[in-house]
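Taking it in order: structure first as structure tokens, then the write-up.
The values are calculated or read from the model by the stated rules, or taken from the named source; none is laboratory data. Everything numeric in this text was worked out from a predicted model, so none of it was measured. Don't worry about glycine lacking a Cβ; one is built from the backbone with ideal geometry, like all the others, and counts go over all protein chains shown. Keep in mind that these areas ignore ligands, DNA and RNA; they rest on the heavy atoms of the full protein, side chains included. Shrake-Rupley method; radii C 1.70, N 1.55, O 1.52, S 1.80 Å.
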Amino acid sequence: MLSRTAASLYWLGRYVERAEFTARLIEATIRLDLLSARPAGEGAWESALAVVSAEDGFWFTGEPVSPDAVGRYLALSLDNPSSIRSCLDAARNNAKSVRTALTREAWEAINRAWLFVRDVRVTDGTPAALAMIEKLKAEARGFEGALHRMLRNEASFFVRLGAAIERADNTARLIDVKYHLLLPEGEKVGGPIDRDQWTTILHTVSAVTAYRWLYREGLRPGHVVDLLVLRHEMPRSIAASADEVAQLLTSIGRRLGRQGEADRMARTRQLMLNRSTVNGIISGGLHEFLRGFIADNARLDYAIGQQFRFS
Amino acid sequence: MASAAFDEVWGDAGPGASREGFEALAAWIAETPAQELTRRQQAAEAAFRQLGITFAVYGEDEAAERIIPFDIVPRIFAASEWRNLKAGLEQRVEAINAFLADVYGPRKILRDGVLPAELVLSNPQFRPQVAGARPPHDVYAHICGIDMVRTGPNDFFVLEDNARTPSGVSYMLENREAMIRLCPELFELFPVEPVDDYTDLLLSTLRSVAPHGRGSEPVCVLLTPGHFNSAFYEHSFLADAMGIELVEAADLEVDDDIVWMRTIDGRVRVDVIYRRLDDDYIDPLVFRSDSMLGVPGLMAAYLAGNVTLTNAPGTGIADDKAIYSYMPEIVRYYTGSEAKLPNVETWRCREKQALTYTLDNLDKLVVKLVDGSGGYGMLVGPTASKAEIERFREALVAEPHRYIAQPTLALSTVPTLTEKGVAPRHVDFRPFCLSGADGIRIVPGGLTRVALREGSLVVNSSQGGGTKDSLILADRPRRRGKAAAPEVTPMRSGAD
């Protein structure tokens, strides 16, 4: 496989994952804003911007923080390189340049999502935004389905590798923002707003039911951290993403007949996560842990590019 | 003008009538409700849109990708019509290859004075860089798209020989897929020759011309300028169908005159490059130095005989519009017989008498830039405004050698679905001819382009034309299953 093709597939995976995550983030923020016991308001939308590091970008639009303005910026703005629209533009460009490596189904899923989002002009009002998000989530599921029907060869491995790296980053950011930014001053840890916020995070990653299955004793931040950082059976957890990265690298290495620095880093990371405990992470500082993980993930991303000659 | 034209299904009698042998198609057109045709056409276009079978129009925003309009009413060639065309195409392509081998080799045709030497040697399409070098297996124009028009039952003319990087073959294949899905009854009605083995034949052609000694599994790649190119869909479609890598220049590097592609597993040696990039852009060290699209050193590797480029650099001289007018002489010179496919009558404005005639008849002629393409730089006299005619008159007087003139032909029409039901529209036809080391292969089919506006003669996609499937009827009775591959017609060698 061409190195450029590998790079395009990898980034295709990252962009689709990022688009889906952003859609979920908007949905969760709407939920937090509207449905919590007490309105979360501006704080919810500010933290949504923080999760995807888009505060500065949004500030430059000059618009006040409001559900419609932030929602539009996150979903549709061409000025925001991480908006759903921008991600799908980039994903489609990548997919188009590697059409030959994708199945028709996988390409059509991307193209359909792109055609759909391209025609959305404004998302006025919550129902419209939610309808758009539902559709985008369905498209992302369709893409994932198509991906799992592709040959188990480098092409599908690289897309999934990109998605797994991106997912690890997104989950870490999501938890980190909760810990530091969201809770209004004066609100008690463990209070109703705090609880709503943790629930919202679970919603963002479709984990509310999973949480109830695993923890019978009501909502506790420590459990949420356990679920989203360390539980291998939770598909969007950091540990599960790290497992997937290591497995995919192994699969690629097996087909090429050799492995490299990226494999070593991925396995070291797996080991570190397996040895960690929730209490250890929290007592050492969740924020520090997550920042460390995000930086580590970026280094792994770079090593992957080096190993397959695409960066 | 439309009324004077010959209709390929209805003959001269107009809608409802039928030429002999085309009764079944005329009946199908008459009996299928326009509404039903529209529904199927829309389904086809929606599928094309979904598949991304698009082309970008230069100068428009990238998002403004368009699909080429597809017409659901097919064009049909009788078996005997195709037999004659095929023989003519083989003869023409053979002559083109012999001509290229000669002008880049011994130049006998120039010494024999068949065409003026300076017309070839000082032509911008002539590449002195490859003079004296022989491409592997002496084949130059591996893929030719010959544009043809028709004016009557037996009157086919070649309008243009596209011998550089002709496009459109993906539409031939996708249009057929759409027709089989949407109008299966047509294939029950007619025994249609298959076109779907084109990509297999293309791959065999590419493999056959690998440099000598490169083994039985030569590595072939398709070189594209990238996904912003208007024909990118076709590039990816073909690479996909052949199972070869679709590369951009940045994926290739040349070391010691050997071409390599960069892969995740290290470097892989490349033997044959089906390039869809013009000569000007393939190697900045030899051609345009400002081009970012090319591969530095590619020409040195080619000249060293270590890689095959299809089509070979320099083939542009064979499809140049100034050379075109000599094609009947060229065919006669190399094949020893008269051209089976005539040219459209052409006045070379570089010749004094022709210039005078052209200037006197601008309102009746089509005037073309010899190096123009895609319907640009062209005057269609009968429909041009006075101002346009005057502008061309000045240009002609200033630089006559840059122009040729041709009569406006009454191009044949084919019934086409329009807003007002099925009506005749003008068409042309581009079959694709493959020349390999072992001979010429032509799949029975091609791309029919149709001018969708009433009376219009301009079929270029960049000018709003559409496409149709082109069904070649088989001599055999209709039967299921795939027909045998077309036989290979051996090429005569070189200029001798």
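Beyond a 25 Å Cα-Cα separation, which of these cross-linked pairs lie in this structure: B:LYS420/B:LYS468; A:LYS96/B:LYS321; B:LYS321/B:LYS364? Those over the limit are A:LYS96/B:LYS321. Projected label points at B:ALA79 and A:ASP56, each 7 Å from Cα along the beta carbon direction, are separated by 7.4 nanometres.
The calculated P(r) of chain A, using every Cα pair and 20 Å bins from 0, goes 33, 59, 8 in percent. The spacing between the range A:1-72 and the range B:186-243, judged by their C-alpha centroids, is 43 Å. Run through the range B:35-129 and list the GluC sites (Glu not before Pro) located in a DSSP loop whose Cβ has at most 11 other Cβ atoms within 10 Å. When the GluC sites (Glu not before Pro) of the range B:35-129 are filtered for loop state and at most 11 Cβ neighbours within 10 Å, B:GLU60, B:GLU62 remain. What residues of the range B:127-143 lie in the reach of a label at B:SER216, counting those whose backbone N is under 14 Å from a point 7 Å from the Cα along Cα→Cβ? So the set is empty, nothing qualifies. For the range B:192-280, averaging the sequence separation of C-alpha pairs within contact (under 8 Å, six or more residues apart) and dividing by the residue count gives a relative contact order of 34 percent. The modelled label-to-label distance for the pair B:ILE389/B:ALA250, using points 7 Å beyond Cα in the direction of Cβ, is 5.2 nm. Note on B:SER289 and A:ILE282: with the Förster distance fixed at 60 Å, the Cβ-Cβ geometry gives a FRET efficiency of about 0.45. Principal axis extents of the C-alpha atoms in the protein assembly as shown (largest first, rounded to whole Å): 97, 62, 58.
Between rounded, prolate and oblate, where does the range B:331-427 land on the alpha carbon gyration tensor, with a ≥ b ≥ c its root eigenvalues, rounded for a/c under 1.5, else prolate if a/b exceeds b/c? In terms of gyration-tensor shape, oblate. Rounded, prolate or oblate: which one fits the range B:83-146, using the alpha carbon gyration tensor with axes a ≥ b ≥ c (rounded when a/c is under 1.5, else prolate when a/b beats b/c, else oblate)? Prolate. The spacing between the range B:128-167 and the range A:203-256, judged by their C-alpha centroids, is 60 Å. Placing R0 at 30 angstrom, the Cβ-Cβ distance between B:ALA304 and B:ASP438 gives a FRET efficiency of 0.80 after rounding to 0.05. Site-free segments of chain B were taken between trypsin sites (Lys or Arg not before Pro) in DSSP loops having at most 10 other Cβ atoms within 10 Å, sites themselves excluded; the longest one is B:1-419.
Take chain A, mark every one of the trypsin sites (Lys or Arg not before Pro) that falls in a DSSP loop and has at most 15 other Cβ within 10 Å, then report the longest stretch left between them, sites excluded. Within chain A, the longest run free of exposed trypsin sites (Lys or Arg not before Pro) spans A:1-120. Annotation for the range A:229-276: GluC sites (Glu not before Pro) lying in DSSP loop with at most 12 further Cβ atoms inside 10 Å of their Cβ are A:GLU233. Simple rule: put +1 on each Lys or Arg Cβ and -1 on each Asp or Glu Cβ in chain B, find the dipole, and look at B:ALA26, B:VAL272, B:MET378; the Cα lying farthest toward the positive end is B:ALA26. Taking the Cα centre of chain B as reference, the dipole from Cβ charges on Lys and Arg (+1) and Asp and Glu (-1) amounts to some 680 debye. Loop-located GluC sites (Glu not before Pro) in the range B:371-453 (DSSP state not H, G, I, E or B) with no more than 13 neighbouring Cβ atoms inside 10 Å: B:GLU419. Using a 1.4 Å probe over protein heavy atoms, the accessible area lost on pairing A with B, summed over both chains, comes to approximately 2400 Å².
Once backbone amide H atoms are built at 1.01 Å from N, B:PHE70 has B:THR467 as its partners under 5 Å, excluding neighbours fewer than 5 places away on the same chain.
Using a simple spin-label model with pseudo-atoms 7 Å out from Cα toward Cβ, A:ASP68 and A:ALA131 lie 1.6 nm apart. Quick check for you: which residues of the range B:76-91 have the amide N under 16 Å from the point 7 Å beyond the Cα of B:GLU20 toward its beta carbon? Answer for this model: B:78-81.
For chain B, report the translational diffusion coefficient in µm²/s to the nearest whole number, using Stokes-Einstein at 25 °C, 0.890 mPa s, and a Kirkwood Rh over Cα pairs. Roughly 104 µm²/s, to the nearest whole number.
Within the range B:199-236, the residues that become at least 40 Å² less accessible when every protein chain is included than when their own chain is isolated (1.4 Å probe; DNA, RNA and ligands ignored) are B:HIS227, B:PHE232.
Take every DSSP beta bridge whose two residues both sit in the protein assembly as shown, then give the antiparallel share in percent to the nearest 5. Among the beta bridges of the protein assembly as shown, antiparallel pairing accounts for roughly 75 percent. Only Cα pairs under 8 Å and 6+ residues apart enter the sum, and on that basis the relative contact order of chain B stands at 24 percent.
Between the alpha-carbon centres of the range B:341-368 and the range B:19-50 there is a gap of 39 Å.
Here the range B:40-178 is described by how far its Cα atoms reach on the three principal axes: 57, 43, 28 Å, from widest to narrowest. In chain B, the portion of solvent-accessible area held by carbon and sulfur atoms comes to 50 percent [1.4 Å probe, whole percent, DNA, RNA and ligands not counted]. Ranking A:MET265, A:PHE158, A:THR250 by Cα position along the charge dipole of chain A, where only Lys, Arg, Asp and Glu carry charges on their C-beta atoms, puts A:THR250 farthest toward the positive end. Computed extension length for A:GLN247-A:ARG299: 16.9 nm, one decimal, from 0.36 nm per residue of separation with the Cα-Cα distance subtracted. Only one residue of B:LEU252, B:GLY316, B:ALA354 has its Cα farthest out toward the positive end of the dipole of the range B:243-383, where Lys and Arg carry +1 and Asp and Glu -1 on Cβ, and that residue is B:ALA354. For the range A:233-311, what log10 I(q)/I(0) values come out of the Debye formula at q = 0.16 1/Å, with one point per alpha carbon and no solvent? Summing over Cα pairs of the range A:233-311 leads to -0.63. Carbon-plus-sulfur accessible fraction, the range A:154-278 (probe radius 1.4 Å, protein heavy atoms only): 50%. Here, P(r) means the percent of Cα pairs in each 5 Å bin from 0 to the largest distance; for the range A:51-191 it is 2, 9, 15, 18, 19, 16, 11, 6, 3, 2, 1, 0. Summing charges over neighbours of A:GLY257, with a neighbour being any other residue whose Cβ is under 15 Å away from its Cβ, gives 0 when K and R count +1 and D and E count -1. Within the same chain, aspartates and glutamates fewer than 8 places from A:LYS188 are excluded, and of the rest, those with a Cα less than 13 Å from its Cα are A:ASP196.
For B:VAL192, the residues 5 or more places off, or on other chains, whose built amide H falls under 5 Å of its own are B:ALA474.
Once the Cα-Cα distance is subtracted from the 0.36 nm per residue extended length, the B:ALA34 to B:THR408 segment shows a gain of 131.5 nm. Assuming charge only on the beta carbon of Lys and Arg (+1) and of Asp and Glu (-1), the dipole of the range B:305-426 about its Cα centre is about 140 debye to the nearest 20.
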